[in-house]
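Engineer: Structure incoming, see below.
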Amino acid sequence: MKVELRNPFATLLLGLLLGGGLTHAGWVLQTAGKPAAGSVQDAGRRALASRALGSPSTSGTNLRGKERIEENARLLASKDPREAWRQSLEIENFSERAAFLRGLMREWGRQDPAAALEMAATLPAGFLKQEAFDAACGGWVSKQPEAAAKWAIEHLTGPLAGEAFGSIAREWAAMDPAAAAAWVSGLPNGVLSSGATTLVIKAWVEQDPQATLKWIDSFSNVERRDAALGVLVSEWSAQSPTDAARWVDSKMGDPKAGDLAEALIGAWGAQDPLAASQWVMTLKGDVQTTSAATLLSLWASSDPKVAADWAAQFPEGETRSQAIPAIAATWAGSEPEKAVAWTLALPDSPEQRQAMDDSVRTWTIIAPESLSGWVETQGQNAATDHLRSVAAGTLVEFQPQDALAMAGKITDLKKRNDSITHLLNSWGRRDASAASAWATQAGLPSAITDRLQSLQKESR
């Protein structure tokens, strides 16, 4: 059974239950095209810009369309960059104008970088200005990397500098990574150099991982070195995971070994989780535990059953105690019935019980009705009593009356009374009048009302 999160409150609860989720992040910035003006002159300018783009429309450009726009801009700029610049000003769609500027400024930067950069400076602060500087610097670097790098350091500051440094490093490293690395080494530590450092590593590791390592080892700033090693291991893993793994193995005993292993698994696990899992099994202690958690977070999204079977292979210990509940809760986010059934089939142990409870809680949040129906098919026994108690304890946060109805089906009298008492006490802390009204209408036995009164007195 596949489920989707439809309730925003349930989504929030699920995030809290899973400790903020396994991964993370938003990164979309979209700008719509401006409405067209109505004059004949405006229409003519739009037609001119459209012809320059090689497209009958300036809306909804896909990746291939943007590449075509950049190429057309480059061709125009190779003949007359100032005319191409004038045409760029006529493009109303933001994303298409940005693509046109990238092609134009890269070519102009190759031909006449001083003129290109002077024109880029006339743009208002923002994304287009950044794109223009980056592209012009990139074009200049393809011809004269030392001159372009020197100019950027002397003339750019703040975000403009950081992004341009990255463009220079990426372009230069593709041609001569050692020279680019030497330049980056002279940049100040911090935000302005971090992007450039990463781009040099990505380019250089494809050619010579050992030379890249030697360069990173020369960093005097410890934090910068540690961050760079993480990038190197991740990129190296994409290229040759077994070689990267051998190097990480050589660092076992180093305080940063766990971070390096996680970086390796983050890339390797996305490519070949089965091979990555075999390496994780060779690790020891905390390094194995954190690496296994990283791998499971990747593997569970693509093949939770195989990931679950792998997690179940771990012997007793810290790795197993964390891996089993983690995979169960993650799996339950998409296939809760299968996840709960898997936990019930595991041998009894603390991690098995934790995994069952976590998967039931997740199922309760995303699809309480289907959970309730499934529990009804499991018969009346101690196991289903426990499932109802766990589910009700979660459900009371957003559907208290349904939670109490579920608890009322617990067969063991003492456990049923204890569960109802707990639920009413929890509900009463948020909405005392509603909880009291329900308790009055329900005609509860004295075993519950007396205990509830005692809890209320203790909380005052």
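The values are calculated or read from the model by the stated rules, or taken from the named source; none is laboratory data. Not measured: the values here are computed from a predicted model. Positions of Cβ are generated from backbone atoms using ideal geometry, with glycine treated the same way; all protein chains shown enter the neighbour counts.
Engineer: Which of the residues that make up the stretch 187-227 are under 22 Å from Glu262 (Cβ atoms) and outside any helix (DSSP H, G or I)?
Structural biologist: Within the stretch 187-227, Phe219, Asn221 qualify.
Engineer: Need pairs with beta-carbon distance below 9 Å; first residue assigned by TED's automatic domain parsing to the domain that holds Thr440 and basic (Lys, Arg) and within the stretch 410-425, second part of a helix (DSSP H, G or I) and surrounded by fewer than 23 Cβ atoms within 10 Å (Cβ to Cβ); sequence gap 6+ or separate chains.
Structural biologist: Correct list of pairs: Lys414/Ala447; Lys415/Ala382; Lys415/Asp385; Lys415/His386; Lys415/Ser389; Arg416/Asp385; Arg416/Ser389.
Engineer: Looking at the structure I just gave you, is Glu92 surrounded by fewer than 22 Cβ atoms within 10 Å (Cβ to Cβ) and assigned to a loop (DSSP other than H, G, I, E, B)? First the steps, then the outcome.
Structural biologist: Working: surrounded by fewer than 22 Cβ atoms within 10 Å (Cβ to Cβ): yes; assigned to a loop (DSSP other than H, G, I, E, B): yes.
Considered against the rule, which asks whether it is surrounded by fewer than 22 Cβ atoms within 10 Å (Cβ to Cβ) and assigned to a loop (DSSP other than H, G, I, E, B), Glu92 comes out as yes.
Engineer: Of the residues in the stretch 207-233, how many are among the basic types (Lys, Arg) and within 28 Å of the chain's Cα centre (by Cα)?
Structural biologist: Residues meeting the conditions: 2.
Engineer: Take the stretch 413-441 and flag every residue that is exposed (fewer than 15 other Cβ atoms within 10 Å of the Cβ) and part of a helix (DSSP H, G or I).
Structural biologist: As a first pass, look at the stretch 413-441 and keep what is exposed (fewer than 15 other Cβ atoms within 10 Å of the Cβ): 413-414, 429-434, 436-437, 440-441.
Hits for the stretch 413-441 are Leu413, Lys414, Arg429, Arg430, Ala432, Ser433, Ala434, Ser436, Ala437, Thr440, Gln441.
Engineer: So the check is Cβ under 9 Å with 6+ separation or different chains; which pairs have a first residue in the stretch 440-460 that's within 21 Å of Lys414 (Cβ to Cβ) and a second one that's of a type in the set (Lys, Arg) and in a helix (DSSP H, G or I)?
Structural biologist: Ala447/Lys414
Engineer: Is it the case that Trp172 is over 23 Å from Ala228 (Cα atoms) and among the hydrophobic types (A, V, I, L, M, F, W, C)?
Structural biologist: Spelling it out, it is not the case that Trp172 is over 23 Å from Ala228 (Cα atoms) and among the hydrophobic types (A, V, I, L, M, F, W, C).
Engineer: Please verify whether Glu107 is modelled with pLDDT of 95 or more and buried (at least 19 other Cβ atoms within 10 Å of the Cβ), treating the condition exactly as stated.
Structural biologist: yes
Engineer: Checking the conditions here, which among Ala328, Ala332, Ala339 is in contact (Cβ under 8 Å) with a residue 24 or more places away in the chain and touching an Asp or Glu at 6+ places or on another chain (Cβ under 7 Å)?
Structural biologist: On inspection, the qualifying residue turns out to be Ala328.
Engineer: On to the next question. Given the criteria within 22 Å of Val340 (Cβ to Cβ) and without any contact (Cβ under 8 Å) to a residue 40 or more places away in the chain, does Gln271 qualify? Walk me through it before giving the result.
Structural biologist: On the way: within 22 Å of Val340 (Cβ to Cβ): no; without any contact (Cβ under 8 Å) to a residue 40 or more places away in the chain: yes.
Criteria not met by Gln271.
Engineer: Of the residues Ala244, Ala179, which single one is part of a helix (DSSP H, G or I), at pLDDT 95 or above and surrounded by 22 or more Cβ atoms within 10 Å (Cβ to Cβ)? Lay out the reasoning, then the answer.
Structural biologist: Values: Ala179 fails: surrounded by 22 or more Cβ atoms within 10 Å (Cβ to Cβ).
Being part of a helix (DSSP H, G or I), at pLDDT 95 or above and surrounded by 22 or more Cβ atoms within 10 Å (Cβ to Cβ) holds for just one of Ala244, Ala179, which is Ala244.
Engineer: Which of the residues spanning the stretch 125-157 are among the aromatic types (Phe, Trp, Tyr) and either over 30 Å from the mean Cα position of the chain (by Cα) or farther than 12 Å from Trp108 by Cα (or both)?
Structural biologist: Selection gives Phe127, Trp140, Trp151.
Engineer: Moving to a separate point now. For residues that are part of a loop (DSSP other than H, G, I, E, B) and of a type in the set (Ser, Thr, Tyr), scanning just the stretch 332-351, find the one that is nearest to Gln322 (Cα to Cα).
Structural biologist: Ser349
Engineer: Okay, moving on. Among Trp151, Trp215, Trp172, Trp140, which is in contact with a Lys or Arg (Cβ under 9 Å, 6 or more places away or on another chain) and aromatic (Phe, Trp, Tyr)?
Structural biologist: That would be Trp140, the only listed residue that is in contact with a Lys or Arg (Cβ under 9 Å, 6 or more places away or on another chain) and aromatic (Phe, Trp, Tyr).
Engineer: If only one of Lys409, Lys415 is in contact with a His (Cβ under 9 Å, 6 or more places away or on another chain) and either modelled with pLDDT of 95 or more or more than 28 Å from Ala292 (Cβ to Cβ) (or both), which one is it?
Structural biologist: On the way: Lys409 fails: in contact with a His (Cβ under 9 Å, 6 or more places away or on another chain).
The unique qualifying residue is Lys415.
Engineer: Also: From the list Ala99, Ala114, which one is over 24 Å from Thr197 (Cβ atoms) and surrounded by fewer than 18 Cβ atoms within 10 Å (Cβ to Cβ)?
Structural biologist: Ala114
Engineer: Oh, and also: For Gln399, indicate whether it is surrounded by 14 or more Cβ atoms within 10 Å (Cβ to Cβ), more than 30 Å from Ala312 (Cα to Cα) and modelled with pLDDT of 90 or more.
Structural biologist: So Gln399 fits the description; yes.
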